[in-house]
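See structure below.
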Amino acid sequence: SEKSLFLTIDRTDFRNFLRICHTIEATLTTSIKKRMVSKLSSLGIPFLTGIPEEMLTSLATSVSIQEVPMDHVIFRQEDVGDAFYIIVHGSVRVETNHNEENNLGTLGPGQYFGEMSILFSDEHTRNATVVVSSDKTILLSIDKDSFQRIFVSSNNPVLAAEFELRVLKHSANLKH
C-alpha cells in the first residue's frame, strides 16, 4: 500500500545465521510457534477453543514444527502412539490395512490426527497409517508428556475433561 524496502535472504544463509546467533534462533522459534498456535486456535480446532492464553503460550513452547516432504510416512498403523499432529500447511493421506480401498481420506490445514495416542493408555496403537500427500507440508506436533504436563497436570481437571469430550465428540454419546 506504500513504498517499501524488502531484504531477501535465502534459506541456507538464514539457517547459517541462526546457528551462529542462538539467542535470536530461540526467540524467533518461540515467536513462530506462538503465532502458529494462535492462528490455529482462531480456526476453531475443538481442543484449542476456550483455552486460556497462558496455556496456549505453554503449548506453543512445547510444540515441534516439522516440514515434511511428500510421501513421508508420519506413522504406521499398529505403531504405539506418542504424539499428535496439527496440519499448518499442506495435506496428509490417512490409510488403513482394514479398508478395501486403503485410503480413508485426506486431511488439510487446521485438521489434526493422532490425538487418541495422548488420551489413552501408553500401549494405545495407531488405527491407521498417515502419509504426507503434498509437497512441503508443515506440521505442529506435541508429545504425550508435554500434553500431560500442560492439560492434565495443570491443576485444571475440567480443562482435561473438556479436551477429551471435544476430541471424542464424534464417537461418544451423552446419556442422562
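No value in this document is a laboratory result; all are computed from the given coordinates. These figures come from a predicted structure and were not determined experimentally. A quick note on method: Cβ atoms are made from the backbone with ideal geometry, for glycine too, and the neighbour counts reach across all protein chains shown.
Taking the Cβ of Arg11 as the centre, find all other residues whose Cβ is under 12 Å away and add up their charges (Lys, Arg: +1; Asp, Glu: -1). Please report the intermediate quantities before stating the final value.
Working: positive: Arg15, Lys136; negative: Asp10, Asp13, Glu67.
The answer is -1.
Which whole-Hz couplings ³J(HN,Hα) result when phi for each residue of the range 53-64 is put into the Karplus expression 6.51 cos²θ - 1.76 cosθ + 1.60, θ = phi - 60°, listed in order with x for Gly and Pro?
4, 5, 6, 4, 5, 4, 4, 4, 6, 9, 7, 10
What length, rounded to one decimal in nm, is gained on full extension from Lys136 through to Lys34, with 0.36 nm per residue of separation minus their alpha-carbon distance? Could you put the intermediate results ahead of the total?
Details: separation 102, 0.36 × 102 = 36.72 nm, distance 2.04 nm.
Difference between extended and current length: 34.7 nm.
Just order 58-68, 25-35 by mean Cβ neighbour count inside 10 Å, highest at the front, would you? Please report the intermediate quantities before stating the final value.
Details: 58-68: 16.9, 25-35: 13.3.
Ranking, from highest mean packing down: 58-68, 25-35.
Rank-order 70-83, 10-23, 125-138 by packing density, defined as the average count of other C-beta atoms within 10 Å over each peptide's residues, highest first. Please report the intermediate quantities before stating the final value.
Working: 70-83: 15.2, 10-23: 9.8, 125-138: 17.5.
Answer by packing, highest mean first, reads 125-138, 70-83, 10-23.
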